[in-house]
Amino acid sequence: MNYIILPLFAVTLLSACAVGPDYRRPVIETPEKWRVDYPQVVEFTNFGWWTQFGDPALNALIETALNENRDIQAAAARVDQFIGALNATRAQFFPQIGYSASISRNRATEKLAVLPPGNDPYFSLYRGALNASWQIDLFGRIRRQSEAAQAQIFASEQGRRGVILSVVTSVAASYIGLRALDRQLEIARASAANYAETMRIFELRYQWGVVSQTELSQIQSQYQLALATIPSIEQQIAAQENLISILLGRNPETIPRGSTIDELIAPTVPPDLPSTLLERRPDIQEAEQNLVATNANVGVARSLYYPTITLTGLLGSVSTAFGNFLTGPASTWTVAAGLVGPIFTFGAITGQVRTAEAVQREAIAFYQATILNAFRETNDALIGAVKKREEAEAQAKRVVALKEYARLSRAKFDNGYASYLEVLYAENLLFDVELAAVRSQADRYTELVNVYKATGGGWVDEAEQFTPKPQLKGVQPVLEGNLLAP
């Protein structure tokens, strides 16, 4: 009995090990704080932050994009592809059972002493069999393949979450840009109408000799400048609507509006710490899962140095007569064990191991670079949110001052204390600053959107309820404890 138990015990003990390194997360250095201080507010990152803008039209657009965006649908399909690959890999853990059947018409040679003289050389042959094969994962090759496939599933799942994050922030930023262009178009049309009325008055004054041709030409130039601005803004509005339409998964069409740019409410900046960013960013999680996969592939490559053991079996029937095809004398069976391993490969396996190890090193560098880039993007967004707010406030105050300057300049002109050149300068300056103030306001909101994009956040979980979802039941990510553990 011992000669059976001891080999089985040895096989079991060896099969508990897997060739290749177990995954260990690279050491990550996180900054203690961000480069800019901002007030700590209520935690909003786990909610639909876009609702803070207070615009139902924007909320509806984002919900539509989450449900119909083609990139999100493609990302979900990619996850399902990797789930299928994992199922195929895991199937190798179990015996593979199949069947075969054949009917053939044959002629035996008469030149060899195979048939007795006078026998018919023509005969039919009926074959049928059940076959089974099982490759014993003695050195963990299949386990490493399964580990890599599972990591690829979660990498693609985090990629899908990254697409959701990108789509939501893109729709929000594009809608803000659209409402800013709408406001600029209103300013341009109002200015053109105002200049048209002024030009009409000047034409009358010129007819009565009150103003010169020079002053009339100046107001005509000012009017044409305002008119020339309108087609450019209209073109930008159409392009922005086309962009949003594509994000919604639709053909280019008119986009419904809600609140004006002045009525939008600035979202609060989410409180966060540099370390927790690593738990929220989908791209960081995706990069780590890709690293897990490359680490497992090193084990797959190293397993090629070891033998492969396969058990096979066949149970069937073979007969030259269909009538006795399934009878006992026609039965046949085979049980076999095979062992295949390398002796001299002249560097073929070594080359594959070196390639796998190099890919792993590349994945480590990419993972670390992704983290550094995440910290950079978040710092940029936080600094931008603070500075764009200051810029927008300064531009708003400048608009107020220039409106007063333009009013006083026109009053001086109407009372004969200044030439129209001063009025023209003041109104042209006001026109440009009003357009710039709207851009600054939109930039401020866009930077707040970028903060939520850079920090990731649990809000992606809420957004996922509107998106096509792959089937991840029974699949667990390969991670080493807490994500921030060294």
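Observations on the model:
- The charge dipole of the range 112-192, taken about its Cα centre with unit charges on the Cβ of Lys, Arg, Asp and Glu (plus for the first two, minus for the last two), comes to roughly 340 debye.
- Here the relative contact order of the range 300-369, from alpha carbon pairs under 8 Å that lie six or more residues apart, stands at 38 percent.
- With the charge dipole of the chain set up from +1 on Lys and Arg Cβ and -1 on Asp and Glu Cβ about the Cα centre, the Cα lying farthest toward the positive end among the listed residues Q145, T198, A411 is that of Q145.
- Neighbourhood net charge (15 Å Cβ-Cβ; Lys/Arg +1, Asp/Glu -1) for G54: -1
- Against the rule of thumb 2.2 N^0.38 Å, how large the Cα Rg of the range 285-420 comes out: 2.77
- Distance histogram for the range 138-208 (every C-alpha pair counted, 5 angstrom bins, percent rounded to whole numbers): 4, 12, 8, 9, 7, 7, 8, 6, 6, 5, 5, 4, 4, 3, 3, 3, 2, 2, 1, 1, 0, 0
- Volume in Å³ per residue [convex hull over Cα atoms, computed for the range 210-297]: 268 Å³
- Cβ-based net charge around Q441, under 12 Å, with every Lys or Arg adding one and every Asp or Glu removing one: -1
- With at most 10 neighbouring Cβ atoms within 10 Å, loop trypsin sites (Lys or Arg not before Pro) (DSSP) excluded, longest segment of the chain: 112-472
- Scaled to the globular estimate 2.2 N^0.38 Å, the Cα spread of the chain, given as radius of gyration, is 1.61.
- Applying both filters, DSSP loop and at most 14 other Cβ atoms within 10 Å, to the chymotrypsin sites (Phe, Trp or Tyr not before Pro) of the range 337-412 gives F344, F346.
- Here's the picture: charge each Lys and Arg Cβ at +1 and each Asp and Glu Cβ at -1 in the chain, and of A454, A129, L421 the one pushed furthest to the positive end of that dipole is A129.
- Normalised contact order of the chain, rounded percent, pairs of Cα under 8 Å and 6 or more residues apart: 29 percent
- Computed from the C-beta positions of Q73 and K387, the FRET efficiency with R₀ = 25 Å rounds to 0.10.
- Principal semi-axes in Å for the range 262-349 [√(5λ), Cα gyration tensor, largest first]: 61, 26, 10
- Excluding exposed DSSP-loop GluC sites (Glu not before Pro) (at most 11 other C-beta within 10 Å), longest clean stretch of the chain: 264-486
- Environment charge of L178, counting only residues whose C-beta is closer than 9 Å and scoring Lys/Arg +1, Asp/Glu -1: 0
- Surface composition of the chain: carbon and sulfur atoms hold 58% of the protein heavy-atom accessible area at a 1.4 Å probe.
- For the range 162-249, the list of chymotrypsin sites (Phe, Trp or Tyr not before Pro) that fall in a loop by DSSP and count at most 15 other C-beta atoms within 10 angstrom reads W208.
- Estimated dipole of the chain in Debye, rounded to 20 [Cβ of Lys and Arg +1, of Asp and Glu -1, Cα centre]: 1700 debye
- Restricting attention to the chain, lysine pairs at least eight places apart or on different chains and with alpha-carbon atoms under 18 angstrom apart total 5.
- Values of log10 I(q)/I(0) for the range 116-163 across q = 0.14, 0.15, 0.23 Å⁻¹ run -0.66, -0.69, -0.90, by the Debye formula with one identical scatterer at each alpha carbon and no solvent.
The values are calculated or read from the model by the stated rules, or taken from the named source; none is laboratory data. None of the values given here were measured: they were computed from a predicted structure. So basically every Cβ, Gly included, is an ideal-geometry build from the backbone, and we count neighbours across all protein chains shown. Heads up: the accessible areas ignore ligands, DNA and RNA and are worked out on the full protein's heavy atoms, side chains in. Shrake-Rupley method; radii C 1.70, N 1.55, O 1.52, S 1.80 Å.
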